[in-house]
């Protein structure tokens, strides 16, 4: 089934540990995004990539890094996790730079930092 | 400060009646607006969109209205069904190219 796969589904992580959230898409979409969802704040953009080999910062990039070595994969890394990074993380993709078709989202990763 | 605001955290509607979800925005550079629907433990799914050159877009039971002068849009669901119970996110784009800015979401409960 075409779409976006995120892993893990959920994770409890000790503060200070490093963690990489995985995201893979099989739709050959050029653009990919990472959002975090927090109650009362909706979805906030962390990082994005318009095409393989390029990345950019979103609204809340601090404490996170990304890479885009190929079209399909867009991992999100927390170098040293803090409790404020407890959230639900969604990876998304879109076919081109426009938004007329909307984004395709993964099912999310629920991360708890303790 | 949030550029896309959904001021109603939740809405409860009787099955068969109309659901109206509201969204306000502050950035006049936004030129495309979308609604997403999210069920628990799933990612958001695209529902309907509207360009700033239009004031209405309809798709089956779903209609989105845009009032640019008021910087306001709304999603109408008629008739509402229990399966419509979900979180609805309003989103906008324009200033940051293809990157969407989301509101906080509104929980819709449709009672049977």
Exercise. Please state the Cα pair-distance histogram of the protein assembly as shown with 5 angstrom bins from zero: what percent is in each bin?
Worked result: 1, 7, 15, 19, 19, 16, 12, 7, 3, 1, 0
Problem set entry | Mean separation of Cα contacts under 8 Å, 6 or more apart, over the residue count of the stretch A:1-49: relative contact order % | 31
Exercise. Any idea what the relative contact order of chain B is, in percent, if you count C-alpha pairs under 8 Å spaced at least 6 apart?
Worked result: 37
For this session: In Å³ and rounded to a whole number, note down the convex hull volume per residue for the Cα atoms of chain B.
Result: 98
Seminar exercise, completed: So residue A:15 and residue A:65, fully extended at 0.36 nm per residue minus their Cα-Cα distance, gain in nm 16.3 nm
Seminar exercise, completed: Yeah, the stretch A:1-100 with a ≥ b ≥ c from its alpha-carbon gyration tensor (a/c under 1.5 is rounded, else prolate when a/b outruns b/c, oblate otherwise) is prolate
Seminar exercise, completed: Mean separation of Cα contacts under 8 Å (at least 6 apart) over the residue count of chain A, i.e. the relative contact order in percent, is 36
Exercise. Going by the alpha-carbon gyration tensor, a ≥ b ≥ c the square roots of its eigenvalues, is the stretch B:51-105 rounded (a/c under 1.5) or, if a/c is not under 1.5, prolate (a/b greater than b/c) versus oblate?
Worked result: oblate
Seminar exercise, completed: GNM on chain B, Cα springs under 10 Å; top mean-square fluctuation among B:94, B:60, B:43 goes to B:60
Exercise. Just A:70, A:50, A:30 to compare: in a GNM of chain A, with alpha carbon springs under 10 Å, which one fluctuates most?
Worked result: A:70
Seminar exercise, completed: Per residue of A:103-114, other chain Cβ atoms within 10 Å number on average 3
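Every number here is computed from the coordinates shown, using simple stated rules; none is lab data. For clarity, every value in this text was computed on a predicted model and none was experimentally measured. Ideal geometry is used to build each Cβ from the backbone, glycine not excepted, and the neighbour counts take in all protein chains shown.
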